[in-house]
Amino acid sequence: EGFDAAAKAAILASLAFHTRVTAADVHREGITEVTAADVASAQAMGCVVKLLAIAEREGNAVGVRVHPAMIPRSHPLGGVREAYNAVFVEAVSAGQLMFYGRGAGGSPTASAVLGDLVAVARNALSGARGAGESSYADLRISPMGEVVTRYHVSLDVADKAGVLAAVAGAFARHDVSIRTVRQEGHGSDASLVVVTHTATDADLQATVEELRGLDVVRAVASVMRVEGQP
């Protein structure tokens, strides 16, 4: 699931950072776990849910991942819909750039396939294997646990005193700072929606695992990363 996006992320990372990245290096999650409640919660935050392929460099390491995420509706990627795809680039000197166009559907797909066939034919005639980097930077591929991100966590909780303190304690024990918390419903429909500040994905995952074991948490309804916020 998400393999095509993973392959694209690997290519983008290789081109952007001149390092050797394969699809196998890419952490990937598909959209099957995204629920209508996630979409509604994103709307309440002024966000939309998008499947993102992300390649980013931190020091001498490159993190490459594909997963659904909430991004602000005002973000340039927030308006990409239907058959359109976009590549959003943030560079130190160039700032923010976006390349946008049709990436799905009959004609765009046929055009891309035909372009690949023409490139293969040209390379076959010239005896070349195609364009490629002559040398690669010695950059480490970061495991997903080292990636710094934010989380949106929706919890079905018991409607009684002490719930918020117990939940906040789980986040604190794993050094994950809470950005916002919202309580919805009462009784059997009580829920908490928590959005975190940035933390490593490993710490966030450990927090979620502890939340699953709390007596006051009936279920972890959904977990989604949040991207594109300052």
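The values are calculated or read from the model by the stated rules, or taken from the named source; none is laboratory data. These numbers come from a predicted model, not from an experiment. Note that we place each Cβ from the backbone using ideal geometry, even for glycine, and neighbour counts take in every protein chain shown. For the accessible areas, the whole protein counts, side chains as well, though only heavy atoms, and no ligand, DNA or RNA atoms are used. Shrake-Rupley method; radii C 1.70, N 1.55, O 1.52, S 1.80 Å.
What to note about this one:
- Most mobile listed residue (A16, A119, A166) in the chain, GNM with C-alpha springs under 10 Å: A119
- The range 162-204, dipole about Cα centre (Lys/Arg Cβ +1, Asp/Glu Cβ -1), debye to the nearest 20: 120
- Alpha-carbon centroid distance for the pair the range 1-67 / the range 209-230, whole angstrom: 19
- The GNM of the chain, with springs linking C-alpha atoms under 10 angstrom apart, assigns the highest mean-square fluctuation among L12, L117, L211 to L117.
- Per-residue Karplus couplings for the range 34-47, computed as 6.51 cos²θ - 1.76 cosθ + 1.60 with θ equal to phi - 60°, are listed in order as 6, 10, 4, 5, 4, 5, 5, 5, 4, 4, 5, 8, x, 10 Hz, Gly and Pro entered as x.
- Note, ³J(HN,Hα) from phi for the range 148-158, Karplus 6.51, -1.76, 1.60, rounded to Hz, x at Gly and Pro: 9, 8, 10, 10, 10, 10, 10, 10, 8, 10, 6
- Between the amide H of V48 and those of I71, R73, distances stay under 5 Å, these residues lying 5 or more places away or on another chain, with hydrogens modeled in the peptide plane.
- Peptide packing for 22-31, 186-195 was compared via the average number of neighbouring C-beta atoms within 10 Å per residue; ordered from the highest value, the list is 22-31, 186-195.
- Summing Cβ point charges (Lys, Arg +1; Asp, Glu -1) relative to the Cα centre of the chain gives a dipole of roughly 580 debye.
- The chain: most fluctuating residue of A121, A112, A42 per GNM, C-alpha cutoff 10 Å: A121
- Using the alpha carbons alone, the radius of gyration of the chain stands to its Kirkwood radius in an Rg to Rh ratio of 1.04.
- Using a probe radius of 1.4 angstrom, the carbon and sulfur fraction of the accessible surface of the chain is 54%.
- Annotation: per residue accessible area for the range 9-133 equals 62 Å², rounded to a whole number [probe 1.4 Å, protein chains only].
- The helix-only estimate of mean residue ellipticity at 222 nm for the chain, built from DSSP H runs of length n ≥ 4 each weighted as -39500 (n - 2.57), is -9500 deg cm²/dmol after division by the residue total.
- Potential lengthening of the chain between A168 and A121 amounts to 10.9 nm, from the contour at 0.36 nm per residue minus the alpha-carbon distance.
- Amide H to amide H, with H built 1.01 Å from N, Y151 comes under 5 Å of T196, V226, counting only residues 5 or more places away or on other chains.
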